[in-house]
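The values are calculated or read from the model by the stated rules, or taken from the named source; none is laboratory data. Just so we're clear, the structure is a prediction, and the values are computed from it rather than from any experiment. Heads up, the Cβs are rebuilt from the backbone with ideal geometry, glycines too, and the neighbour counts pull from every protein chain shown. Ligands, DNA and RNA are stripped out before the accessible areas are found, and what is left, the full protein with its side chains, is counted by its heavy atoms. Shrake-Rupley method; radii C 1.70, N 1.55, O 1.52, S 1.80 Å.
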Amino acid sequence: MSALVNSQAWQALSAQSRALAELSIGDLFAADGKRFEHFSLEAPGLFLDYSKNLVDRRTVGLLLDLARQQSLDASIARMFAGDHINHTENRAALHVALRNRSASPMLVDGCDVMPAIRKTLQRIREFSSSVRDGTVRGHTGSPFSRVVNIGIGGSDLGPAMVVEALGALREGGPDMRFVSNVDWTHLVGALRGADPASTLFIVSSKTFTTQETMTNASAAKDWVVSALGPDAVGAHFAAVSTNLRATAAFGIDPGRVFEFWDWVGGRYSLWSAIGLPIALAVGMDHFESLLDGAYAMDQHFREAPPERNLPVMMGLLGVWHTSFLGYRTQAVLPYAQSLSRFPAFLQQLDMESNGKRIDRYGAQVDYQTGPVVWGEPGTNGQHAFFQLLHQGTQIVPADFIVAARGEQELGPHHEMLLANCLAQSQALAFGKSQQEAREEMVRSGLSAEAADRLAPYRAFPGNRPSNTIMLDQIAPPALGALIAAYEHKVFVQAVVWSINPFDQWGVELGKQLASTLLSRLRKPGSEEGLDGSTRGLIRRARMFRNDAAPASGPG
Ligand code: F6P
């Protein structure tokens, strides 16, 4: 048994999970008339109601003991101090510096990184406003009406999610598209209807070696060259990367390269120049407001006492659900169409960070770590997978995210959204007994016999946990705070689980194998010696491809 599982704090929580199994969320509300006040908290831009979880005051106290035992305070301090907390890559994880809005320095290896960050922000401001107002133009003198960001993972999901979320703020500015998938159709779709003379590409890649991004970038370059000639490349490409040598080799003018640094993890990078598409889409002032909101959350995370600290509580509740109650997945349900990409963004943030099984001492863990994160906006999900959430055999903790005010209040839409959001968490927590279901059916005219037969099907067990995170409105500061809160939640969990959330070695094997299989796909006979399944599938793919037409260029 690991020292963590053997520890007093962990064992006390295990015992507590057994004790609470006798109770329901409904019982906890019945026992405490002020439960909402006791189990909710406020942070900059966000309000968290966690009362609809199977926790009582003792559970929260024990979770806080566990955080203390795992030296959470010291770990938070080490992150903000720029220590090499990403120990497997021997790097700092100082994304918080990117949104440091104070005059204080932030150090990595003894150097203040703030001057370089401010300089890059200024360059983003100048470039984005010049593209938006048409001062910067394409090779033939046309202003840019379309911008295509080519990147994947952290170089795509964060900016794509924010651009979508802040869609209501778009005034003027280019049509912003995102291409991530190496699937040809993604690039073709982004270029449909585009005029090469007025299209700008941003190649976003921390490493500038990622196969999908480099393949799409080369195809985009060919598209520009074939329409406008080789001299046009400089005017139609910009890059965001830590690898300045590779951006130069690609042919991108150094004046169009926006730098970031190896102490910024890909999935934590939207605050850096990776956020350039955000500035292009909604303007730099809004991008800076996003940073302001994240900075306010950083301050809260550093300073608020653990029991009033939103990311700390969210992280500890996640640990409770995953490691003690045995729930394996976490639903994220934004009641906001503009947050439709938020679950996908969180999947990378959470699962690439905490999908780990080796602890920081090199030992395999003997407890559950990061859950499977998934979700879709409400109300759509209600008409799809909510059946399982309410009546299935698995319990899925859910985060409901909702704004009190709509981006635009048109007709009854926003109130309906809110009412649906509140109704779902209420139904999950408190359910409906067979007796209630039966009485309802009889009242609506069903025979007693039919009501008896159908009652089990129409009852809701309840006792299904959820958090509700409420924002005033989906606006840049609150969105910045929301994203930063989740980043810190993930960090809190990693500290408790004693894992490194900042590496991602688990993505490497597939990349290695894909590059060897690419050459094997192309060379008949070279599949010999592979495992039977892969060999068989290569042969089958070749059979299907024999009739395929040769590929042609995009657009
Ligand atoms: O393969 C995973 C990953 O390395 C992510 O961590 C990263 O966000 C993504 O690929 C893209 O990497 P890059 O920005 O270097 O192209």
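A few remarks follow.
- For the chain, the mean residue ellipticity at 222 nm estimated from helices alone is -14000 deg cm²/dmol, where every DSSP H run of n ≥ 4 contributes -39500 (n - 2.57) and the total is divided by all residues, rounded to the nearest 500.
- Annotation for the range 4-60: GluC sites (Glu not before Pro) lying in DSSP loop with at most 14 further Cβ atoms inside 10 Å of their Cβ are 22.
- A compact globular protein would have a Cα radius of gyration near 2.2 N^0.38 Å; the ratio found for the range 442-555 is 2.08.
- Dipole size of the range 159-230 about its Cα centre, with +1 on Lys/Arg Cβ and -1 on Asp/Glu Cβ: approximately 100 debye, rounded to the nearest 20.
- 507, 163, ranked by accessible area, largest first (probe 1.4 Å): 507, 163
- Peptide packing for 538-546, 91-99 was compared via the average number of neighbouring C-beta atoms within 10 Å per residue; ordered from the highest value, the list is 91-99, 538-546.
- Farthest towards the positive end of the charge dipole of the range 24-177, among the residues 135, 154, 88, is the Cα of 135, using unit charges on the Cβ of Lys, Arg, Asp and Glu.
- Global form of the range 12-85, assessed from the alpha-carbon gyration tensor, a/c cut-off 1.5: oblate
- Rounded to the nearest 10 Å², the accessible area of residue 34 at probe 1.4 Å: 120
- Overall form of the range 387-453 per C-alpha gyration tensor (a/c, 1.5; a/b vs b/c): oblate
- Shape category assigned to the chain from the gyration tensor of Cα positions, a/c cut at 1.5: prolate
- Take each peptide in 369-381, 165-177, 512-524, count the other Cβ atoms within 10 Å of every residue, and average; sorted highest first, the result is 369-381, 165-177, 512-524.
- Calculated accessible area for the chain comes out at 44 Å² per residue, all protein chains present (probe 1.4 Å; ligands, DNA, RNA ignored).
- Helices that extend 15 Å or more along their long axis by alpha-carbon positions and average at least -0.5 on the Kyte-Doolittle scale are, among the DSSP H runs of the chain, 8-20, 57-69, 211-228, 413-430, 476-497, 508-522.
- Of the peptides 416-429, 311-324, 346-359, 198-211, the order by per-residue mean of other Cβ atoms within 10 Å, starting with the highest, comes out as 311-324, 198-211, 346-359, 416-429.
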